[in-house]
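The values are calculated or read from the model by the stated rules, or taken from the named source; none is laboratory data. All of these numbers come straight from a predicted model, not from anything done at the bench. Please note: Cβ atoms are built from the backbone with ideal geometry, for glycine as well, and neighbour counts cover all protein chains shown.
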Amino acid sequence: MRKQFPYTLFFSILILIFMIVAPMIIIKSMPVKASSEEDNSSSISENNNLITINGSENIKVYITKEDRMEEVPIEDYVKSVVSGEMPASFSDEALKAQAVAARTYIMSKRSRPCDIAKGGDVCDTTHCQVYISKVSRLEKWEDKATENWDKISKAVDETKGKVLTYNNQLVLYPQFFSTSSGMTENAVDVFSNDVPYLVSTESKGEEIAPKYESEIPFNINEFVNKVNEKYPEAELTVENLQGNIEIISRSSAGGIKEIRLGQTKVKGLDFRLSFGLNSTNFEYTISNDQILFKCKGYGHGVGMSQWGANVMAKSGSNYEEILKHYYKGIDLKVIKFKE
Ligand SMILES: [Zn+2]
C-alpha cells in the first residue's frame with residue numbers, strides 16, 4: 001500500500017518556518033541597516049546646494065543639571081546656542097557666522113552623539129556647545145530681552161538651514177573659541193589631529209577683547225605641589241623649580257605645544273587645562289615666592305575666533321567671508337532632512 005503524504009506535518013513545518021525563521025532573518029537584518037545609515041548620516045544631493053541629513057529636524061538636548069531630555073526644532077536650538085555662545089551686542093554678520101558654525105556642529109552630532117548626553121544628540125554645556133532655553137535666556141537679559149532675542153533670531157533666520165561642508169562632506173569639526181592672540185592655531189598643534197580646514201590664519205584687531213591678555217599667579221609652593229600631584233614623575237621642588245620648567249616647542253601661532261616640568265614633558269593643552277590658564281599662548285616669570293603666567297587669547301585657538309569674527313564684521317565682511325577666512329576651503333550648503 002502506498003504511504004500517504006503527511007500533509008498535516010508538512011504544513012505544520014511550513015508554518016513553523018514562517019513563524020520562527022522569517023522574523024529572525026528580519027530582526028537580524030535591521031541593525032545592519034540602521035548602523036550603515038548612521039555611518040553615512042549625510043550626503044550631498046544632485047543640485048549641489050543641498051546636503052541631505054538623515055533623521056528628523058528635532059534635536060535631543062540633554063539638560064545636564066536637571067537630568068532630563070529636551071527636544072527642540074533645529075532652528076530654535078541654534079538660536080538658543082548663539083544666544084549662549086556670543087554676546088547679543090556683536091554685529092549681525094558675526095552672529096550669522098556663529099549660527100552656521102553652531103548648526104554645523106549639531107549636525108555633526110548625528111554621526112557621533114555626545115557620550116554624556118544619555119542617548120541625546122548633545123549636552124547643554126561647554127562639553128558640546130552652551131545651550132540656554134529661550135525662557136531662561138530672556139530672564140537673564142532683563143530689560144533688553146526682546147531687543148536681543150529679535151536680533152539673534154533674525155540673524156539665525158537669515159542663515160536658515162546653512163551648514164559648512166568640505167569636499168562635499170559635512171564639516172565634522174567646526175571649532176570656535178572666544179579670543180585669539182592675533183593668529184589662530186593649527187588643529188594638529190593643539191589636538192594632535194590634522195584637519196585640513198582647521199589651519200592657522202591671521203586674526204586681527206582682537207586687542208579690544210576683554211580676555212585678550214590675562215594673568216594668573218601661583219604661590220610657588222602651591223604650584224610645585226600641584227605639578228607633582230598631577231605629574232608625579234616631574235619630581236619638582238621649590239628649590240629646583242628655576243631651570244626645571246622649560247618651554248620645549250611653540251606653534252607658529254605662538255601656542256605652547258610642549259613644556260618640560262622637571263623630569264617629564266607635558267602637552268601645552270594639558271598644562272593649560274590643569275592650571276586653568278586662558279590659553280596655551282603664555283609666558284611665565286618666577287620671582288620670590290610666585291610664578292606668574294601671562295596668557296594671550298582665550299580658548300583653544302582652533303577654528304573661528306568669535307572676537308575676530310566680530311572685528312571682521314565691523315570692518316564690512318559678511319558671514320560667508322568670515323567663515324571662509326577661519327575655515328579654509330569650506331563651502332556652505334543647505335540642509336534637507338530625510339526621515
Ligand atoms: Zn556633550
Does any residue in region 119-130 that is assigned to a loop (DSSP other than H, G, I, E, B) come within less than 7 Å, Cβ to Cβ, of a residue that is among the hydroxyl-bearing types (Ser, Thr, Tyr) and more than 8 Å from the ligand (Cβ to nearest atom) six or more places away or on a different chain, and which pairs are these? ASP124/THR64; ASP124/TYR131; THR125/THR64; GLN129/TYR105
So GLY119 ticks every box in (1) surrounded by 14 or more Cβ atoms within 10 Å (Cβ to Cβ); (2) within 15 Å of the ligand (Cβ to nearest atom) but one. Which box is left unticked? (1)
From LYS144, LYS204, grab the single residue that is more than 16 Å from the ligand (Cβ to nearest atom), basic (Lys, Arg) and part of a loop (DSSP other than H, G, I, E, B). LYS204
Any residue at all in region 138-151 that's within 21 Å of the chain's Cα centre (by Cα) and modelled with pLDDT of 95 or more? no
Checking the condition in contact (Cβ under 8 Å) with a residue 40 or more places away in the chain and surrounded by 23 or more Cβ atoms within 10 Å (Cβ to Cβ), which residue from THR104, THR64 passes? THR104
Where in region 257-310 are there strands (runs of 3 or more DSSP E), lying fully within it, with 1 or more residues that are of a type in the set (Lys, Arg)? 264-267, 290-296
Just to verify a result, which residue in region 122-133, among those that are within 13 Å of the chain's Cα centre (by Cα) and more than 9 Å from the ligand (Cβ to nearest atom), is surrounded by the most Cβ atoms within 10 Å (Cβ to Cβ)? TYR131
Within region 258-300, track down each residue that is among the charged types (D, E, K, R) and crowded, with 21+ Cβ neighbours inside 10 Å. ARG272, LYS296
So which of SER108, SER136 is more than 9 Å from the ligand (Cβ to nearest atom) and in contact with a strand residue (DSSP E or B) (Cβ under 8 Å, 6 or more places away or on another chain)? SER108
Based on what the data block shows, is PRO113 more than 16 Å from the ligand (Cβ to nearest atom) and either among the hydroxyl-bearing types (Ser, Thr, Tyr) or without any contact (Cβ under 8 Å) to a residue 24 or more places away in the chain (or both)? no
Exception for PRO174 within (1) surrounded by 22 or more Cβ atoms within 10 Å (Cβ to Cβ); (2) more than 16 Å from the ligand (Cβ to nearest atom); (3) part of a loop (DSSP other than H, G, I, E, B) falls at (2)
